[in-house]
Amino acid sequence: MFSSLTKTEVVNVYRAPKQKVETRNSHVVFIIDTSSSMSSFSDKVLKGVKKVYDTLPEECGVSVYTFANEYNLLLKRNQKKFVNWDKFVQDYKSNVRNGGCTKLYSTIVEAINQVDYKIRKTNNIFFICFSDGADNHSSISSKDCADNVINILFNGMSYSYFYFISYAYSGDLKKIKHPKYKYYDCDNVHKIELFFETVRQNISNIISIKKTQTISIRGNHHSMTNTQTMINNTNFNRKALLNQISNMNLNNNNDQLLLTNKTSKENVKSCKFGKKCRNITNGKCSYKHTCKFGNDCRLKVSECNFIH
């Protein structure tokens, strides 16, 4: 443990690098009812879709299916940055027509089957469906459709999620119980935008995956979160930090702790070789070195490796 470190062993405490955010490739599939009964609140649905659309990364894939008597691929899968939103709105409104049935189940299954096999195992795939009534025109039953949805969530797509927002719907899709399946029942039209906002927040949380910081200990690598290490705080308590890390199971008491904040060099003597030291550039020297740029150093004091 670190409590047994000898005087000849050096512990250099630096600040950890800033936490970075990475985004898994994502694909969003909208499945929207455009039968005649949708004409009275299609604008609310469109506003809801826009909320979700605006929160997506530019590289996110987007596709849109609409359905009435038949299903229609209104927007073929494309990256968000290449989508013409105004043209999409015009196409969507022109698809909301008088008359028409509701081919809900067949459209859902078709949308699932058309997801490219290459992205099924690696991408976040979000299915967002809205319908205002029961299916009356599909060639498959409510149960068959529900089974297809359950199958993709459990087996077919590793990172798939399904959100079904409905108005006056009753069927097997309402009965699915799965942590990656969400059913929202709108008992009035004013909740449509509210539920789309809930979906937007959920998707936003999923596609932002924070990397954990890594503490490198010579001979060992331990991955720990910021809250566990207290490293990101510039004014951290050095003693408390060492006490906390000393609780880790180390194989060798002679391991040297190498974190990453080069602001704490108290109680370390100056290097007697000065600028002639051969170990300055490779970072192996454990003594103080004065920055040759002095006050003209372009790096912040907290980021420079040397003493000011």
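Can you work out which of the residues in the stretch 45-65 that are under 15 Å from Q79 (Cα atoms) and in a strand (DSSP E or B) is farthest from the chain's Cα centre (by Cα)?
Result: V64.
Collect the residues in the stretch 147-163 that are part of a helix (DSSP H, G or I) and touching a residue at least 12 places away in the same chain (Cβ under 8 Å), keeping them in residue-number order.
Within the stretch 147-163, N148, V149, I150, I152, L153, F154, G156 qualify.
Restricting attention to the stretch 121-144, which residues are under 28 Å from the mean Cα position of the chain (by Cα) and not in a strand (DSSP E or B)?
Across the stretch 121-144, the qualifying residues are K121, T122, N123.
Kindly establish whether Y159 is crowded, with 17+ Cβ neighbours inside 10 Å and more than 28 Å from the chain's Cα centre (by Cα).
no
When you go through (1) over 23 Å from the mean Cα position of the chain (by Cα); (2) surrounded by 15 or more Cβ atoms within 10 Å (Cβ to Cβ); (3) of a type in the set (A, V, I, L, M); (4) at pLDDT below 85 one by one for I192, which number turns out not to apply?
(4)
Can you tell me which residue among D116, D86, D144, D132 is without any contact (Cβ under 8 Å) to a residue 24 or more places away in the chain and out of contact with any His (no Cβ under 7 Å at 6 or more places or on another chain)?
D86
Conditions (1) loosely packed, with under 15 Cβ neighbours inside 10 Å; (2) more than 30 Å from the chain's Cα centre (by Cα); (3) among the charged types (D, E, K, R), marked per residue:
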{"site": "Y71", "(1), (2), (3)": "no, yes, no"}
{"site": "K80", "(1), (2), (3)": "no, no, yes"}
{"site": "D86", "(1), (2), (3)": "yes, no, yes"}
{"site": "Q90", "(1), (2), (3)": "yes, yes, no"}
{"site": "V96", "(1), (2), (3)": "no, yes, no"}
{"site": "C101", "(1), (2), (3)": "no, yes, no"}
{"site": "L104", "(1), (2), (3)": "no, no, no"}
{"site": "N113", "(1), (2), (3)": "yes, no, no"}
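Scanning the stretch 164-186 for residues that are under 26 Å from the mean Cα position of the chain (by Cα) and assigned to a loop (DSSP other than H, G, I, E, B), which turns out surrounded by the most Cβ atoms within 10 Å (Cβ to Cβ)?
Step by step, filter the stretch 164-186, then rank; the result is I176.
Would you check which residues across the stretch 51-77 are among the hydroxyl-bearing types (S, T, Y) and either free of Cβ contacts under 8 Å to residues at least 60 places away in the same chain or over 20 Å from E197 (Cα atoms) (or both) and list them?
Y53, S63, Y65, T66, Y71, listed by residue number.
Do you know which residues across the stretch 56-69 are surrounded by 14 or more Cβ atoms within 10 Å (Cβ to Cβ), of a type outside the set (A, V, I, L, M, F, W, C) and more than 20 Å from I108 (Cβ to Cβ)?
Within the stretch 56-69, just P57 meets the criteria.
Restricting to the stretch 139-152, what's the tally of residues that are touching a strand residue (DSSP E or B) at 6+ places or on another chain (Cβ under 9 Å) and buried (at least 18 other Cβ atoms within 10 Å of the Cβ)?
So the answer is 2.
The values are calculated or read from the model by the stated rules, or taken from the named source; none is laboratory data. Note that the coordinates shown come from a computational prediction; the quantities given were computed from them, not determined experimentally. Virtual Cβ from ideal backbone geometry, glycine too; neighbours counted across all protein chains shown.
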